[in-house]
Every structure is written in C-alpha cells, then in structure tokens.
Amino acid sequence: MKKYKTIFIFTTIILAMLFTRCQQPTVKSSDTDQKVDSLLALMTTEEKIGQMTLFTSDWDVTGPTMRLGYKEDIKNGKVGAIFNAFGVKYLRELQQLAVENTRLNIPLLFGYDVIHGYKTIFPLPIAQACSWDLGMIEKSDRIAAIEASAEGLHWTFAPMIDIARDPRWGRICEGSGEDTYLGSLIGAARVKGFQGDDLKDNSTLVACAKHYAAYGAAQAGRDYNTVDISDRTLREIYLPPFKATVDAGVGTFMTAFNEVDGVPATGNKYLLRDILKGEWGFAGFVVTDYTSIMEMELHGIVANEKEAGELALNAGVDMDMQSAIYSDYTLKSLEEGKVTMAEIDDAVRRVLKIKYELGLFDDPYKYCDEERERTLVMHQDHLDFAHEFAAKSMVLLKNENNTLPLSKNTKNIAVIGPLADSKVDMLGSWSAAGDYAKCVTLLEGVKQKLPSAKVLHAKGCEVLGSDKSGFAEALSVARRSDAVILAIGETRDLSGEANSRSNINIPGVQEELVAELLKLGKPVVVVLMNGRPLDLTWLNEQAPAILETWFLGTKAGDALADVIFGDYNPSGKLTVSFPRNVGQIPLFYNHKNTGRPITDVKWTSKYLDVPNTPLFPFGYGLSYTSFEYSGLSLSKNSITKNETFTVSVDVKNTGKFAGEEVVQLYIRDLVGSVTRPVLELKGFEKISLDPGQTKTVQFEISENDLKFLDINMDYLAEAGEFEVFVGTNSQETQSAKFSIVE
Ligand code: BGC
C-alpha cells in the first residue's frame, strides 16, 4: 500500500513538473534507481553540478545565516546540500528556496557535525569507547539523530572512525582509540544509531564515515600532516572500520585532508574508486572534507583549481564541500574531455539516491516538524541517558588505599581546579548545537549530591599559563576540608581539529597545584578532563586517586558525583594506551615483536631511560571492587579451518562492591607468512557481578577471527600455532595455546 502511495506522489511531482515546466519526463517504475534515472534525464549539466555542491551556512550571534550569494545559488539550483544550518524555521525557509524556485524542485540535503550528541551532549567519542558498551554507543547516536532530525537536519558528518595511535594528534578524541577490531564494531554501531532501521523515518540521519582514509596516521601527530604507511598497514589497521560501516549500510563517506602514499585522499582513485566503490561496492556518495579539493593545489599534485576538480571527480569524489571548484570548473573540464558525463552522472545519481532514500522527494519538509522540535530536543529521557552514559565512560586509573569512593558523610569538601566549574569545557570538542549553559559541572554535581555538606570551591589556577596567585585560596579551601576533589587537565580546545600538541603533559602549573595540595595530607582525588592520553607519570607517582573522565557532556557533574561518592562503580577501560612520556609515541598494544624483543640484554629493542610498556595499557581500568580470573580452558586445542572452539574463563568478584568488568580476549599468531602483532583484540564481554559472584565467560573462536593479509595480500588464516589470552586488560592476562591444522 505504502509503495503505491510513493509511486503516486512521485508521479504527481513529475506530472506537475511536466505541466509547469514543459519537460518530457517519464517515470519508469517505483524502484529508486529508476526514479533517479528519470530525474537525471531531465537535468541540465549545470543542474547536475549543483547536486554535487555543498556549501556552509554562516553564523551570527543568533545562529546560522546564509550569505546572499548562497541564497541565489540555491534558487538557481547551483547547490545540492547545505551544512552548518539548523532549526526547523530556518531550514524550512532554505528548503523552500530550493523546492519552490528551482526548475526541477530538487530538495536540499542539510548536514551538520553531530558527533557526540546534538543538543544533549554525550561524552566525547573516545570516552564513549571506554565504556565498551556498543548498545549505549548506538543509543547515544539514535538520540542524537532524534534531536538533530527534529531540528530539520538530514545528515551527520559522523561517525569519525579514524584509528589513532598518536596522542599528540588532537583528533584522537573524536574516534574510538587505537584498536581496529573495537573501532570497527563501534563504527557499525554508530551507523545503526544514526540511520535507524529505515532512512525514510524522519527521526534518522544519514551517516558519513570519515575521514577516509588514514587521517589518524598523520606524521608526528600534527594535524593534516602527510601519511606514509604500507598498503598492509592501511588495509589491516586503518581501513577495516570503514569497511564495517559500508557493511552496516552507511549512506555517505568523507575524504580525508591528508595524502596517502603521495596522493591526497580527495584525489585518490585507489582509495575511492578501486577500494571503496569497487572492492566494497559502496553505493552511497562521497563528499570531501572542508575545501579539500582546493587544497590539492597546495599539496602540489595539481597546478590549479580546475585540475584539482578533475582529479577529484576522476578519483570518485561525488560532492565538493565548500571549495566551489565543481561549480566553477566542471563544465569547462567536461568540454575539454577532462571529465566525462558518465562520471558526473554517477556522482549525481548517488546524491539523488540518498535524497530519495530519505523520502525528501515525497515530502521535502518532512524533517521540518515544529512539534518534534519543541518536544524532543533535550527531552528528559535523553538527559537521563546522558547521565548514565557519562558514568559508564570514566576510567579509574589509580585508587590507592581505596581513596575512592569518598564517603557521603564527608562534611567539608573542597572542589578545586580550573575545570571544576567550567561549563563550556564539559562539552568537549565538536559539540554540535550543545548549549554549555545547560551543562552540569563537577562543583554543581557535588553540591547536588551532598546538599547538607559544606562544599568549598577555588580555581587555584588556569589550565594554561604560569600564574600561581590562586594557589593560596585553593590551599586555604583545602585546609578547611576533609577531602579534596581536584579537576585538572586540558581545556576543550586543546584537543580536536587543528589542536595537536607536541607535548602531552598536564599543561601550565596544574601539577604544581597538585603538589601543594598533596602536602596537606588530605585525601586528594584527581579528576582528569582531557581529550587525549596525557603523560601522567609524575601524577601517578604522587596522587592517591586518579579518575580519567575525558569530557563527559551535558550531565558531566551528575555522573562525576555518582562515581566519586560510590553510587556508580566505575567500569570503563582505556581504548588507547597512555605512554609514560611523549618520546614513546607511537605506542600501541598490538605492536610487532621485532627480532630483538626487550630483555635485560643491552642489544635489544628498548630505550635507556624508560620501559617499553605504557604507563596505562590498552584495556586498562580499575573498579571499586576486584575481579579474579581463573580456569582458562579451551574446548579444543587444535582445529581445522572449518571448525570452531570455545574459550572459557571464570571471573569472580572478590571485593565488596557490585561491579562490571570488561573481559577481553586477544590472540597471537605465533608464526605467519608475514610477522603478526604480539596481541590482537578479538572479543570482549562486559559482565556484572555481585560481591562473591562468579560467572563463566565464553568466547567462540573461528577461522574468521584468525584471518589476516598474508604474504600475497590474500585475507586468510594460516595453519600453525596460536596463543589466546584472556584478561582484565592487554597486559594482565592468562593464556593457552592452540593450533590450526590443515
Ligand atoms: C572537519 C570535518 C568536518 C567538516 C565540516 C572539517 O574541518 O575535518 O570533520 O565534518 O569540517 O564541519
């Protein structure tokens, strides 16, 4: 029935176009591809190029605005999509410009960076990953999509699924960390969250897998820098999360700013046409990152803008974000035979298809629903979920003598530090339409949790700079308190895009403040807020309790108070290694063994001044309770390629609190036709255990889990010996051996 209705509406639109515009369209069938072809047949080349063009809206104090020139471009069909504009009223106005003024009435697509929440802001993506809770990650993006779509948006520039092994890189906070397996699962979960079950539902956003590809491998962690990695590393480490999003049905892809093997990702035929659209069969469209077509001239791969457009289109870029190069030069390039009509048609087809899939041709205003906007944005359920998710995203790094949780009977509490009452920092980077005024700070959370306690506050110092004039007040406040909660770290704009750092220390005089406060001999809990792994070597030696909280979003303070006062037992585990110092970078758990693995012998692979291991390894995180692993057993010790076997382990809660544990499974292929990492995550399960309770956790292992790119770049498992490791993090494990026999 629904199908016929769609045909009817589409037919009506086409007929209306026929009569009003004297065109000659024919509707071939109800199938989307055929509808797209019918429309494409009506389009002039200029109109086609319009669909390949994305422009940003501008901003003024009251919100997004549109430069006059852009409005004219919309009316003239020179724009297919707009980003950085939101709100039903405004987007309806823009949509009207397109639908009522252009010859073919093609609706606009509205995009925005909805990265970790829309108005209700969830923890930073790296923090979310530390929950190891795929269900919650998916739900947070479902909620983000509900809110953003209620404000008229169709398209999010997320998920960001760049694997990152370098904490100097500011954008490490936008992804899921250093692991490909976990990153792939998270990428797929996010696509499902944003896109829901059916794009036609007006609570969905089309997702965009970015930044394709290997953006996280920027040399020296400097944003936008050159990437030079082997094809093996590209395909084994950086590409699988992208493939996972294709398999999950992601609608769009965004190219990266960087070059890969000498060719900018935006002009990289190997990445776009050969792998993405060829090998993986991606049917959605590819948009560039901001002006990255234009930037190819500076990369030194083309001599001018026109050539940049040709390189991008030939390589498989379907939509130009903000360069205006497709709109300025494609016609000429076509006349000169530098691009073909087939390439243009393919790009336009892909863009129109997404618009059809969203149902925008049935109703261009279907996302413009004031009632949804009024009732759904920052709905109480969303805030409650943000609170719960923030609690699950923290990682307890140190808890000497059970300093945490603090007793709720504490009478006098000092909440100190430059980040203790900073609403704006709670948002973290890329906070979409998030309103910092609505954020709950640590100070507010503590006051609300303990209404009858005396909560004193002093900033102590700023995050940056050398001013210690606030120390005296901080010390005075601490002296009058029974416990000190100290919020230090980075401001939100020390991570994120274009925010790389050469040093990953705790900036300014914050550590000096810690040192002064520790001298008082009071219990001190350090609450870290930051967007990257920091060098915590000194802090870890000095402070009794350290809680890594990243940036937790709108409900940060409520969740912090829950964890600090024991209403929630922390369960997060790091998804990125914390180096001992900046010199160890890049440092990641799934490294190779080398021919001279570290021993006491001098001539082995090591530093003179620091161990090879990280300070806090991948998968690490403490709980207020303790877990004991025992009885690792395998159902078989050798399998043929078609067989599977089960790994079992008993996990017991040996402490006093109920708690959750992320049980992790790693494997190592001991001998391969190419060398293999010393560990690879292949499974995990998050379990809850009451005090004294034991659960048996089982993982099934099949040939698929043991595949890799062999010496011939074929993806397969090789016969031979393997080791399986199960444990609480990547360093504390139990292990057993098994083999694949021919
Ligand atoms: C960022 C992208 C983002 C785009 C649009 C770029 O600078 O790299 O991640 O989606 O801007 O805002």
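The values are calculated or read from the model by the stated rules, or taken from the named source; none is laboratory data. Just so we're clear, the structure is a prediction, and the values are computed from it rather than from any experiment. All Cβ positions, glycine included, derive from the backbone under ideal geometry; neighbour counts span all protein chains shown. Note: accessible area is taken over every heavy atom of the protein model, side chains too, but ligands, DNA and RNA are not part of it. Shrake-Rupley method; radii C 1.70, N 1.55, O 1.52, S 1.80 Å.
Listing for the model above:
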{"item": "Inter-centroid distance (Cα atoms) of the range 667-681 relative to the range 309-354, Å", "result": "43 Å"}
{"item": "Distance violations [Cα-Cα > 32 Å] among Lys75/Lys555; Lys411/Lys438; Lys119/Lys353; Lys139/Lys459; Lys449/Lys519; Lys243/Lys695", "result": "Lys75/Lys555; Lys139/Lys459; Lys243/Lys695"}
{"item": "Distance from the range 635-660 to the range 120-164 (C-alpha centre basis), Å", "result": "31 Å"}
{"item": "Calculated FRET efficiency for the pair Asp274/Tyr365, C-beta based, R₀ 45 Å, to 0.05", "result": "0.70"}
{"item": "Under-5 Å amide H pairs with Ala213, H placed in peptide plane, nonlocal only", "result": "Ala256"}
{"item": "For the chain, share of DSSP beta bridges that run antiparallel, in % to the nearest 5", "result": "55 percent"}
{"item": "Förster radius 35 Å - calculated FRET efficiency between Thr65 and Arg374, Cβ distance, rounded to 0.05", "result": "0.95"}
{"item": "Rel. contact order, % - alpha carbon contacts under 8 angstrom, at least six apart, the chain", "result": "12 percent"}
{"item": "Alpha carbon centroid spacing (whole Å) that separates the range 261-279 from the range 544-596", "result": "34 Å"}
{"item": "Long-range amide H partners of Trp155 with built H, under 5 Å", "result": "Phe110, Tyr112, Val206"}
{"item": "Ellipsoid semi-axes in whole angstrom, largest first, where each is sqrt(5λ) of the Cα gyration tensor of the range 443-533", "result": "25, 16, 11"}
{"item": "Two-decimal ratio, the chain, of alpha-carbon radius of gyration to 2.2 N^0.38 Å", "result": "1.00"}
{"item": "Lys438 accessible area, 1.4 Å probe, all protein chains in place, Å² to nearest 10", "result": "110 Å²"}
{"item": "Amide hydrogen neighbours beyond the local backbone of Val674, cut-off 5 Å, H modeled", "result": "Ile711"}
{"item": "Linear extension gain, Ala283 paired with Glu93, 0.36 nm per residue minus alpha-carbon span", "result": "65.4 nm"}
{"item": "Förster radius 25 Å - calculated FRET efficiency between Asp435 and Leu464, Cβ distance, rounded to 0.05", "result": "0.50"}
